[in-house]
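> So that we are looking at the same thing, I have put the structure below in structure tokens.
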Amino acid sequence: MNLDERREHEKSKYVWLAEHRGPGYGSSNHAYKSGAIQYVKDPEYTVDFGCGDNGFLRESGLTGVGIDFVNQGADIIAGMHDVPVEDDVADLVTSFDALEHLLPEEVDEVLQEMQRVAKTGADLIFTICSQPSVIKAFGENLHPTVQPPSWWIETIGKYATVRLEDSPHGQIYTGVWK
């Protein structure tokens, strides 16, 4: 399968989940559950990649857009690798429990896209699961990119200055875009 076919296959998992698990799938606000919300300063404009039903922006009251490739609650329905957002607009780029859902060969492409929409020096806040998903679709794991935090720090570090923060609910990646 080529990359476009693999992307479509991954997308079909989430379409299936939405149909079979109901509207609650993608509604968890991981920014609050993880404690990542404490790292949000006061951005003028936020772009949330893999936003699910857009709970983070809606609940935080921040101005910005949420991007998701399936969830109809998103402001923009698009893959994280190609978002219709202008260059250099975001003061904050977030992604809460979404990057591990990317195919391994998409990770750099998505980080480049995030860097493109971020202003130089804009903040980033991510949570990334480093374990296989407990939820399956078609009997398949929903986390194609299961990597330890050291791998994520090195990979994100190509595009941003990043550090790992420990919270009572998990690890949070914070930093600024180069």
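> Can you list the strands (runs of 3 or more DSSP E) lying wholly within region 3-115 that have 2 or more residues being under 20 Å from residue 165 (Cα atoms), touching an Asp or Glu at 6+ places or on another chain (Cβ under 6 Å) and modelled with pLDDT of 95 or more?
Here the list reads 90-96.
> Just to be sure, is residue 155 open to solvent by less than 40 Å² (accessible area, probe 1.4 Å) and either touching a Leu at 6+ places or on another chain (Cβ under 7 Å) or modelled with pLDDT of 95 or more (or both)?
yes
> While we're looking at this one, here's another question. Report yes if some residue within region 134-142 is in contact with a His (Cβ under 8 Å, 6 or more places away or on another chain) and either assigned to a loop (DSSP other than H, G, I, E, B) or open to solvent by less than 60 Å² (accessible area, probe 1.4 Å) (or both); otherwise report no.
Looking for residues that are in contact with a His (Cβ under 8 Å, 6 or more places away or on another chain) and either assigned to a loop (DSSP other than H, G, I, E, B) or open to solvent by less than 60 Å² (accessible area, probe 1.4 Å) (or both), one finds at least one in region 134-142, hence yes.
> Ok, one more. Step by step: first the residues of region 40-73, then only those that are free of Cβ contacts under 8 Å to residues at least 60 places away in the same chain and β-branched (Val, Ile, Thr), then the one that is most open to solvent (accessible area, probe 1.4 Å). Which residue is that?
63
> Assuming residue 107 fulfils every condition listed in (1) hydrophobic (A, V, I, L, M, F, W, C); (2) under 12 Å from the mean Cα position of the chain (by Cα); (3) open to solvent by 10 Å² or more (accessible area, probe 1.4 Å) apart from one, which condition is it?
(3)
> For residues that are in contact with a Phe, Trp or Tyr (Cβ under 7 Å, 6 or more places away or on another chain) and hydrophobic (A, V, I, L, M, F, W, C), scanning just region 73-92, find the one that is nearest to residue 155 (Cα to Cα). Show your work before the answer.
Residues of region 73-92 that are in contact with a Phe, Trp or Tyr (Cβ under 7 Å, 6 or more places away or on another chain), as a first pass: 77-80, 89-91.
Filter once more, so that each one left must be hydrophobic (A, V, I, L, M, F, W, C): 77-78, 80, 89-90.
Details: 77: 26, 78: 23, 80: 16, 89: 23, 90: 21 Å.
Checking each candidate, the answer is 80.
> Next up: Test residue 165 against the stated conditions and say whether it is loosely packed, with under 13 Cβ neighbours inside 10 Å and touching a residue at least 40 places away in the same chain (Cβ under 8 Å).
It is false that residue 165 is loosely packed, with under 13 Cβ neighbours inside 10 Å and touching a residue at least 40 places away in the same chain (Cβ under 8 Å).
The values are calculated or read from the model by the stated rules, or taken from the named source; none is laboratory data. Keep in mind the model is a prediction, meaning the values are calculated, not measured. No Cβ is skipped: glycine too gets one built from the backbone with ideal geometry, and neighbour counts run over all protein chains shown. Surface accessibility is based on the protein's heavy atoms, side chains included, excluding ligands, DNA and RNA. Shrake-Rupley method; radii C 1.70, N 1.55, O 1.52, S 1.80 Å.
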